[in-house]
Amino acid sequence: MNIFEIKHATKVFNQVEVLKDISLTVSEGEVVSIIGPSGSGKTTLLRLATFLERMDGGTFSYMGEPAIVEKDGGYSYVSKHKIKQLQRYFGLAFQNYNLFPHFTVMKNITDAPIKVLKRNKEEVYEEAKALIKKMGLEGKEDAYPSQLSGGQCQRVAIARALAMKPKILFFDEPTSALDPEITQEVLKVIRELAAEKMTMVIVTHEMFFAKDVSDRIVFMDKGVIVDQGTPEELFNSENERTRAFLGQYYNM
Amino acid sequence: MSMQLILTKLLLGMGVSVQLFVLTLVFSLPLGLVFSFGRMSKNPIISNITKVYISIMRGTPLMLQLFVIYFGPYYWFGFTTSTGYRFVAAAIGFVMNYAAYFAEIYRGGIESIDKGNYEAAQVLGYTKVQTFFRIIFPQVIKRILPSITNEVITLIKDTSLAFVIGVSEMFTVAKAITSATKSVGAYVIAAIFYFVFNFIVAFIMGKLENKMGYFERESAE
């Protein structure tokens, strides 16, 4: 089953076409990494998929439910109400975590399930405790984000996203603000999620991690998908641009 | 005039000052938030009207504003007002003036909050109202509290301006006593009262600032 599907997506910023005709399908349990140089449009793609930016062309859907429908000969977004429903299908871990600084770890994780999904408080707390344990954050329940390391913040952010029980989790360069050692603790958590068959789309610069964790790697450059395939396929690609990009990492 | 009588009169005056102070805060703090929304509105008509309003309120003397509000009804519409209107006029003037200042403080605070907070809230499905009151506003309060404290302290002293339209607040009373007793003693006592009032308010605001700092205090580890 396709959890997420985007077709012919285009996005223009100040007359610059940052995304040109991108199509991507993510099926259940699949882990897709998106790699590519800065400015290739990777982050923009995630921002379109998460309604943080509006698409200029193309369509996308979650669980077969469209976010953009044909209307009067053109395409337009579905109603605000419908978008709210679609938002429940995905979660997003930001590059800068974007935790709420005035909430404790526990409240960061539990507030949205309680206030947005109107779920039972005790139940949400029980689940949050399990998530905190899974993320290796025991003892940090009452800490504020300012008291945590970057790696801990990112794990709280992942827990916060997971607490909403999304069908798919997007990661926008989750480790690019972290030092190599701390990067590993975040990658470990993502790896565990992959082992549990969580559907994920990860924008990353960690090539070896992408190779290791992904079912499929998508290589983007200048707003188009240049190449994609299994990690083996991509790392042995005949495509010149792919080879040139990955070559920089091999030569390190 | 006995000392006791002077003190009693001054305390009564102070009661009026405190009433004016409390009323001003109770109405101007929320009203300022409404004005700040108006100022930040995407609708150019609303934002420009608010901008002009704030500009006038901050650009003309409060004393003049009090005169306009007090004498306006008579000179513009021929209404004769009762003496009770004095206090009402003063309260309206203070609320309108302070709301303008608070609006700009709120706006500065709201605009300083990281955009990422709005994006995270949106992705998690919070409504706009929830996002503002649960996520943004508590952080704004924390940031603007020192500026609010400043205004609150200024307000205590500004209440003496109600003297110009004959409100019998503490300064008006002190002046009357001074004329009657031909001694500046009442002024000295009034000064002490203002100072103590300020001291208490500054103390409370300091405590509040401390309390609000909870989420930005680094841990010991």
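The values are calculated or read from the model by the stated rules, or taken from the named source; none is laboratory data. What you see is a predicted model, and the numbers here were worked out from it, not measured in a lab. Cβ atoms come from the backbone with ideal geometry, glycine included; neighbour counts cover every protein chain shown. All accessible areas refer to the heavy atoms of the entire protein, side chains included, with ligands and DNA or RNA removed. Shrake-Rupley method; radii C 1.70, N 1.55, O 1.52, S 1.80 Å.
Values for this structure:
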{"quantity": "All positions within region B:121-138 that are of a type in the set (Ser, Thr, Tyr) and in a helix (DSSP H, G or I)", "calculated": "B:Thr131"}
{"quantity": "Scope region B:133-148; condition open to solvent by less than 50 Å² (accessible area, probe 1.4 Å) and under 18 Å from A:Ile114 (Cβ atoms); matching residues", "calculated": "B:Ile135, B:Pro138"}
{"quantity": "Residue selected from region A:43-62 under the condition under 13 Å from the mean Cα position of the chain (by Cα) and either facing chain B (nearest Cβ under 10 Å) or of a type outside the set (Val, Ile, Thr) (or both), by the criterion surrounded by the most Cβ atoms within 10 Å (Cβ to Cβ)", "calculated": "A:Leu45"}
{"quantity": "Test: A:Gln147 is within 14 Å of chain B (Cβ to nearest Cβ) and farther than 20 Å from A:Val31 by Cα", "calculated": "yes"}
{"quantity": "Meets criteria (at pLDDT 95 or above, buried (at least 20 other Cβ atoms within 10 Å of the Cβ) and in contact with a strand residue (DSSP E or B) (Cβ under 7 Å, 6 or more places away or on another chain)) for A:Pro174", "calculated": "no"}
{"quantity": "Any hit, region B:200-211, residues being within 14 Å of another protein chain (Cβ to nearest Cβ) and either surrounded by 16 or more Cβ atoms within 10 Å (Cβ to Cβ) or more than 16 Å from B:Ile6 (Cβ to Cβ) (or both)", "calculated": "yes"}
{"quantity": "Test: A:Lys42 is within 23 Å of B:Asn117 (Cα to Cα) and in contact (Cβ under 8 Å) with a residue 40 or more places away in the chain", "calculated": "yes"}
{"quantity": "Residues being surrounded by 19 or more Cβ atoms within 10 Å (Cβ to Cβ) and either of a type in the set (Ser, Thr, Tyr) or within 14 Å of another protein chain (Cβ to nearest Cβ) (or both) - total across region A:18-42", "calculated": "2"}
{"quantity": "Matching entry among B:Tyr101, B:Tyr118, B:Tyr187 (being of a type in the set (Ser, Thr, Tyr), open to solvent by 50 Å² or more (accessible area, probe 1.4 Å), within 14 Å of chain A (Cβ to nearest Cβ) and in a helix (DSSP H, G or I))", "calculated": "B:Tyr118"}
{"quantity": "Counted residues, region A:168-190 - those being charged (D, E, K, R) and within 14 Å of chain B (Cβ to nearest Cβ)", "calculated": "2"}
{"quantity": "Residues of region A:130-183 that turn out to be of a type in the set (Ser, Thr, Tyr), free of Cβ contacts under 8 Å to residues at least 60 places away in the same chain and assigned to a loop (DSSP other than H, G, I, E, B), as a count", "calculated": "3"}
{"quantity": "Total residues in region A:75-111, condition open to solvent by less than 20 Å² (accessible area, probe 1.4 Å), within 8 Å of another protein chain (Cβ to nearest Cβ), without any contact (Cβ under 8 Å) to a residue 40 or more places away in the chain and closer than 14 Å to A:Phe51 by Cβ", "calculated": "1"}
{"quantity": "Scan of region A:70-82 for residues that are in a strand (DSSP E or B) and at pLDDT below 90, ordered by number", "calculated": "A:Glu70, A:Lys71, A:Gly74, A:Tyr75"}
{"quantity": "Which listed residue is open to solvent by 10 Å² or more (accessible area, probe 1.4 Å), touching a residue at least 12 places away in the same chain (Cβ under 8 Å) and on the phi > 0 side of the Ramachandran plot, from A:Lys211, A:Lys197", "calculated": "A:Lys197"}
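Condition check ((1) aliphatic (A, V, I, L, M); (2) surrounded by fewer than 13 Cβ atoms within 10 Å (Cβ to Cβ); (3) closer than 16 Å to B:Leu155 by Cα) across all residues:
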| site | (1), (2), (3) |
| --- | --- |
| B:Thr24 | no, no, yes |
| B:Leu33 | yes, no, no |
| B:Asn48 | no, no, no |
| B:Tyr53 | no, no, no |
| B:Tyr74 | no, yes, no |
| B:Met96 | yes, no, yes |
